Structure formats: structure tokens, C-alpha cells
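Reading through the C-alpha cells given below for one structure.
The values are calculated or read from the model by the stated rules, or taken from the named source; none is laboratory data. Computed from a prediction, not measured in an experiment: that's the story for all the values here. Using ideal geometry, Cβ is built from the backbone for each residue, glycine included, and neighbour counts are taken over all protein chains shown.
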Amino acid sequence: MIKKFLLVALGILVFFGVLSAVMGEEKDICEDNYVLLKMSYLNGEFSVLDKTVGEGCAPKLNPVSGVEYSYDLVNGEGILKEGTFHPGILFIDGLEGGEVVEVEENEIYLAVPYEKEVDDIEIYRGTDLKLKAGVFDVGATSCRVK
Amino acid sequence: MDVKFVIVGVLLLVVIIGGFIFMNSGVLYSSSEETEECERIVYNGNPVEQINVVFLAKGIGKGKINDYIDSLLSFEVFSKSKDQFNFFYVEEEVECEMQYSAILCYSKDLIKKSASCPNDFVVVLKDEKRSVRSSAYMNVISLNSNLPVSVFAHEFAHVFANLADEYVPAKIPRGAENCQKSCEDFSVGEGCFEGCSESDFFRSSESSIMRTLSSNSFYELNENIIKEELESY
């Protein structure tokens with residue numbers, strides 16, 4: 001009799017163990033933090049206006065070939081991650097055709113993974129470095145943690 | 001059989017069935033103070049390895065979202081790679097602005113709301129008059145839900161693979177490979193037709209989805225460009 005109860009109890013424990021492991025794995029993915037960089041884009045020049053740490057997922061950085069601007073997350077040892085973006089192009093499409101608008105000035109937002117080994121973000125147009133800024137110095141006065 | 005053992009066995013069964021239903025309920029991530037509830041619409045694997053598209057809409061309905069997903073995956077190049085995609089849904093109102101007769105929903109608030117789900121690409125659906133156009137900016141696609149659902153594939157190709165519009169007039173984004181200055185520049189010999197964003201550029205197919213929303217194909221050259229991006233994930 002005791003053996004049967006022990007078996008049942010063991011079964012319940014195993015089940016909850018597997019369940020919490022699976023749920024934990026899924027939840028972890030969006031329980032990360034990200035750094036949201038608010039930036040000014042003006043005629044090809046960038047400046048960081050604000051940075052906040054948010055709870056949730058950052059988009060995966062996956063460079064698209066040929067895109068005008070790229071950004072690298074770097075530290076002293078080199079590039080850790082890289083992505084691309086088009087802050088100067090707005091695509092518009094409708095029933096009667098569309099157009100492409102050149103955006104000369106805008107506030108843009110880059111959400112990047114919060115990873116402490118990263119020191120800086122570097123933005124390039126081709127090989128031309130447009131901006132280098134430390135963005136992960138969370139705790140500095142310029143960083144507003146929400 | 002011992003009655004106590006039967007009772008415990010039944011309880012265990014209830015826990016297992018309850019747990020199974022809970023795990024398959026579609027709610028992937030619960031909300032916290034900062035994040036919204038994220039629901040999975042199509043889930044093919046760990047978001048770290050997948051291409052994750054999150055829809056944000058209020059009052060549009062999951063049926064309509066599924067129409068957009070079905071439309072995108074009806075294109076052969078995406079259909080063949082459908083297992084690479086996850087689609088998520090956040091039921092939240094998003095503020096959009098009107099620019100050039102199009103909705104543009106790109107904002108800090110949107111970026112924060114979309115962070116509730118894996119969000120490599122963000123799609124906002126809004127119920128607008130049919131004259132209102134859709135847009136794509138950075139990794140955000142803003143769609144008027146009263147336009148043909150194929151507009152999603154067109155906008156997605158802009159942000160996912162840097163494809164240019166193949167109608168005229170438009171502007172060719174730097175690095176776009178589907179519009180070329182001469183027919184010899186095409187890597188595939190599918191065809192060569194005058195007019196691709198600009199009147200003196202050429203496209204490789206007569207009427208791909210990048211030229212007209214009534215098309216049901218990207219055709220070979222565009223498919224190859226998209227495949228390259230798919231393979232990079």
C-alpha cells in the first residue's frame with residue numbers, strides 16, 4: 001500500500017517537474033530585459049536621446065543584405081551582434097498603388113537585448129561610422145530604468 | 001482495488017489533463033505590470049531560432065489574423081519555410097498616425113507593447129476606410145484591414161528581404177536586388193521588363209506581388225532573395 005502511494009506521489013512530482021520546466025523555458029524567453037534606445041535621425045546623422053530598460057523581448061538582430069544602415073553591439077573583444085535598419089525609407093501601399101517616402105528626420109527606436117557583456121552600439125552607413133555610444137551602462141544617471 | 005488508491009489515481013489524472021489543457025490553451029506568456037498578455041497563433045518552435053511575427057490589434061479578431069498568416073504562407077517561398085515562423089498576438093489598441101494617406105503605427109508605445117511577445121517583425125492591424133493605405137517602416141508593418149490581405153506579403157518582403165516596389169514611380173531602397181539597371185544584371189533568366197520603382201530600371205517578372213497586390217507569386221528572382229534571408233535564420 002505504501003509503495004503504491006509513493007509511486008503515485010512520485011508520478012505527481014515528475015509531472016509537475018516536467019510541466020514547470022516546459023513552462024519555465026517558454027516564459028524565460030520574454031522575461032528578459034531589453035534596452036530601448038530612443039534616437040534622433042536627421043539626414044543620416046544619429047544621436048541617442050534616451051535609453052530605458054524594459055521588460056520583454058527584443059527583436060532578433062539579423063542583418064539583411066544591402067540595407068543602408070547597420071548597427072553592431074560591441075565590446076573590447078569585437079562584434080557580439082549586428083543588425084540592419086532603414087530609418088530613411090517609408091514604404092506606402094494601397095489599392096491605387098503606392099510610393100516610397102524619404103524620411104529625412106524622425107525619432108527612431110532600437111530595442112536591443114540587455115546583455116551586460118555589451119559595451120557600445122556602433123551605427124554604420126556602409127563602412128562609415130555614424131555613431132558610437134555606450135548604451136548598457138544601466139545605473140548611470142542618463143539611464144531611466146522603468 | 002484499494003479505494004484510496006483509486007481516489008489518488010483519479011486526482012492524478014485530473015491534474016495531468018488539467019495541466020495538458022493549460023499548456024495548450026494558447027496563452028504563451030502571461031502579462032506583468034509592464035508587458036501585455038501574449039497569445040500564440042502559430043507556434044513552431046523556440047523563438048530564439050524562429051522568425052517571430054507579432055500582430056497587435058483590438059477588435060479585429062483572430063480569424064482575420066489567420067487570414068493574413070494564410071495569405072503570407074500561400075506564397076510558395078514562405079510556404080516551403082512555414083516551419084521557420086512563429087506568429088503571436090497581442091490584443092491591444094495601438095495609436096497610429098496618418099501620413100501620406102497611410103496609417104503609420106511606429107511609436108515607442110508600440111515597441112514596448114510588442115515586447116510582450118517575441119517580435120522580430122511587428123504587424124499592426126487597423127480598421128480604416130479602403131482609401132487609407134498601409135505602410136512599412138523599420139520592422140513595423142501597419143496594415144489597413146480593409147485592403148486585400150496580400151498587402152501583408154508585399155510589406156513583409158520590404159522589411160524582411162529589402163525588396164523594392166516593382167511599380168513605377170517609387171524609390172529603390174539602397175541595396176535592393178530586385179530592380180536592376182540592365183537585364184544582364186539579373187542572376188536568373190526569368191525575364192526582363194522595363195520599370196521597377198524607376199522607369200529606367202528593370203524587373204525580372206511581369207507582375208509579381210511587389211508590382212501588384214493581385215499577384216499570387218514573388219517569382220524566381222525575388223524568391224531567391226527571400227530564400228537567402230530565410231537561410232540566415
Number of positions in region A:45-80 that are buried (at least 16 other Cβ atoms within 10 Å of the Cβ), part of a strand (DSSP E or B) and not aromatic (F, W, Y): 10
Qualifying residues in region A:69-99 (those that are among the acidic types (D, E) and in contact with a Ser or Thr (Cβ under 8 Å, 6 or more places away or on another chain)) - the one farthest from the other protein chains (Cβ to nearest Cβ): A:E82
Residue pairs meeting the criteria (Cβ under 8 Å; at least 6 apart or on separate chains; first closer than 23 Å to B:N146 by Cβ and at the interface with chain A (Cβ under 9 Å from one of its Cβ atoms), in region B:104-128; second polar (S, T, N, Q) and assigned to a loop (DSSP other than H, G, I, E, B)): B:F121/B:N139; B:V122/B:N139
Residue that is farthest from B:V140 (Cα to Cα), among those in region A:85-134 that are hydroxyl-bearing (S, T, Y) and part of a strand (DSSP E or B): A:Y124
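Among the listed residues B:F186, B:F156, B:F202, B:F160, which satisfies the condition of being buried (at least 18 other Cβ atoms within 10 Å of the Cβ), without any contact (Cβ under 8 Å) to a residue 24 or more places away in the chain and not polar (S, T, N, Q)?
B:F202
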Unmet criterion (only one of (1) in contact (Cβ under 8 Å) with a residue 40 or more places away in the chain; (2) within 13 Å of chain A (Cβ to nearest Cβ); (3) of a type in the set (D, E, K, R)) for B:E223: (2)
Residue, surrounded by the fewest Cβ atoms within 10 Å (Cβ to Cβ), within region B:205-232, restricted to residues that are of a type in the set (A, V, I, L, M) and assigned to a helix (DSSP H, G or I): B:L230
Those strands (runs of 3 or more DSSP E) lying entirely in region B:124-201 with at least 1 residues at pLDDT 95 or above, out of contact with any helix residue (DSSP H, G or I) (no Cβ under 9 Å at 6 or more places or on another chain) and more than 22 Å from A:H86 (Cβ to Cβ): B:193-196
Lone unmet requirement of (1) at pLDDT below 80; (2) in the same structural domain as A:G126 (by TED's automatic domain parsing) for A:L13: (2)
